[in-house]
Amino acid sequence: MHCACYKHLHHSPTMVHQALEHEELFSRRCILVNGPVIVGAGPSGLAVGAGLQQQGVPFVIVDRANCIASLWQNKTYDRLKLHLPKQFCQLPYFPFPPDFPEYPSKYQFINYLESYAKKFEISPRFNESVQFAKYDEACGLWRVRTMSENGEVEYICRWLVVATGENAEKVVPDFEGLDEFEGTVIHACDYRSGEGFEGKRVLVVGCGNSGMEVSLDLCHHNAFPSMVVRSSVHILPREIAGKSTFELATSLMKWLPLKVVDKILLVLARFTLGNLKKFGINRPSKGPLELKSIKGKTPVLDIGALQKIKSGKIHIVPGIKKFSPGRVELVNGTNLEIDSVILATGYRSNVPSWLKENDLFSKEGMPTTPFPEGWKGKAGVYAVGFTGRGLLGASLDAVRVAQDIGKMWNQETKQSNHYVTVSCDRR
């Protein structure tokens, strides 16, 4: 079977959500989108939508969750605050309210995003999970198939914006014996607070920002956390002499080479935090900015966990060898009795599971071209929120993508005065 696809979909606003209903022939609807389809209603997708809205470019945002920014709303702990000052985290075209603190809480950030969507009249289609997206060379258009409780929908569009981000799926390592452990095992995405862990011996696996903050929160709720530090890690103070460490590094990078800035940061960190080696924390051989640039590994910005480590409230342990009922054996031969395990083991992209035959993304689901050039691929596909540079990087990409699509949309709209119908294979 075939369906008619319009190669030029930008002529009339009434075409934005036009549905070609073939209920007697097909089990899904075919919807022509008079602009791009954006996959993901997090900060990245919202920022692209805002940029398009201001240019008059219609679009559709689909998201598998039931709300905007579902990672922030449903998969973060209660005490979370933005790690960087607010000026580095606000989205394009709409600053944070002036009464927001320097480091807004997750609830303040979610309220900001809700206001952002309302201001730019962005209404995502929720509870639609993308099954696959594929470029149809026969008609030069993208096919994006989604599934919801109402059945399948296939969107036909000229451009596809991938805004599902680097943290779409949790990473759960395969530890020997973990299935035999009789206590509670959760990923950090399911952790809200330490309230239910009072008096418990908790093993926190992972020493990034999440692992550190979960361990700190457990201390505040009178639990007894042990944190696994399997390899070296950079820990920097969140602020140095009242100034954001990130802001300081950004300023220095304008004048000095990266490695020189790294040396300055490490000297300041040593002066501020002291020697951490005696607490079981070793620094990598490469500096924090260099390591971030090469491997995407973000340094930890300390907000209080180090003091608990130094006082012994957070116990640092080496890597895990295996689990058994009620205990864990470490690589140094030590056995610990524990009640619960929290896996602060990070997240990964899920793009390879649904984006087919595309060279913009690697098999790991990250852009094959490094920042700042990894935002645009061939055949009208774009990536937003995959820079490894947080909300600031996502905002930069969102502006580029919206401007690029807007320019083409307006050019093609002016040049086209009629629809060109081509045949696309429905199969």
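Observations, loosely collected:
- Filter result (outside any strand (DSSP E or B) and open to solvent by less than 10 Å² (accessible area, probe 1.4 Å)) within the stretch 200-211: 211
- Residue satisfying condition, being within 30 Å of residue 202 (Cβ to Cβ) and either crowded, with 18+ Cβ neighbours inside 10 Å or in contact with a helix residue (DSSP H, G or I) (Cβ under 9 Å, 6 or more places away or on another chain) (or both), within set 316, 264: 316
- Single residue of the stretch 160-178 satisfying the filter (among the charged types (D, E, K, R) and part of a strand (DSSP E or B)) that is most open to solvent (accessible area, probe 1.4 Å): 170
- Tabulated pairs, the stretch 382-398, first within 12 Å of residue 51 (Cβ to Cβ), second surrounded by 24 or more Cβ atoms within 10 Å (Cβ to Cβ) and of a type in the set (Asp, Glu), C-beta under 9 angstrom, 6+ apart or interchain: 382/397; 384/397
- Residue in the stretch 153-174 that is in contact with a strand residue (DSSP E or B) (Cβ under 7 Å, 6 or more places away or on another chain) and within 23 Å of residue 102 (Cβ to Cβ) present: no
- Filtering the stretch 310-347 to residues that are under 30 Å from residue 272 (Cα atoms) and without any contact (Cβ under 8 Å) to a residue 60 or more places away in the chain leaves 310, 311, 312.
- Restricting 239, 182 to residues that are without any contact (Cβ under 8 Å) to a residue 12 or more places away in the chain and open to solvent by 60 Å² or more (accessible area, probe 1.4 Å) narrows the list to 239.
- Only one of 335, 282 that is out of contact with any strand residue (DSSP E or B) (no Cβ under 9 Å at 6 or more places or on another chain) and closer than 29 Å to residue 193 by Cα: 282
- Yes/no for residue 108 being under 22 Å from residue 74 (Cβ atoms), part of a helix (DSSP H, G or I) and open to solvent by 10 Å² or more (accessible area, probe 1.4 Å): yes
- Listed by position, the strands (runs of 3 or more DSSP E) contained in the stretch 330-427 that have at least 2 residues being surrounded by fewer than 19 Cβ atoms within 10 Å (Cβ to Cβ) and modelled with pLDDT under 95 are 421-425.
- Exclusive hit being of a type in the set (Ser, Thr, Tyr) and either open to solvent by less than 40 Å² (accessible area, probe 1.4 Å) or free of Cβ contacts under 8 Å to residues at least 12 places away in the same chain (or both), set 293, 226: 226
- Taken over the stretch 306-329, the criterion of being of a type outside the set (Ser, Thr, Tyr) and assigned to a loop (DSSP other than H, G, I, E, B) is satisfied by 312, 313, 314, 318, 319, 325, 326.
- Residue within the stretch 333-343 that is over 24 Å from residue 223 (Cα atoms) and of a type in the set (A, V, I, L, M) present: no
- All positions within the stretch 122-159 that are of a type in the set (Gly, Ala, Ser) and either open to solvent by less than 70 Å² (accessible area, probe 1.4 Å) or under 10 Å from residue 63 (Cα atoms) (or both): 129, 133, 140, 148, 151
- Exactly one residue out of 118, 86, 81 is closer than 19 Å to residue 247 by Cα and out of contact with any helix residue (DSSP H, G or I) (no Cβ under 8 Å at 6 or more places or on another chain), and it is 86.
The values are calculated or read from the model by the stated rules, or taken from the named source; none is laboratory data. On a predicted model such as this, the values are computed, not experimentally measured, just so you know. Neighbour counts run over all protein chains shown; Cβ positions are idealised from the backbone, glycine included. Just the protein is used for accessible areas: all its heavy atoms, side chains included, with ligands, DNA and RNA removed. Shrake-Rupley method; radii C 1.70, N 1.55, O 1.52, S 1.80 Å.
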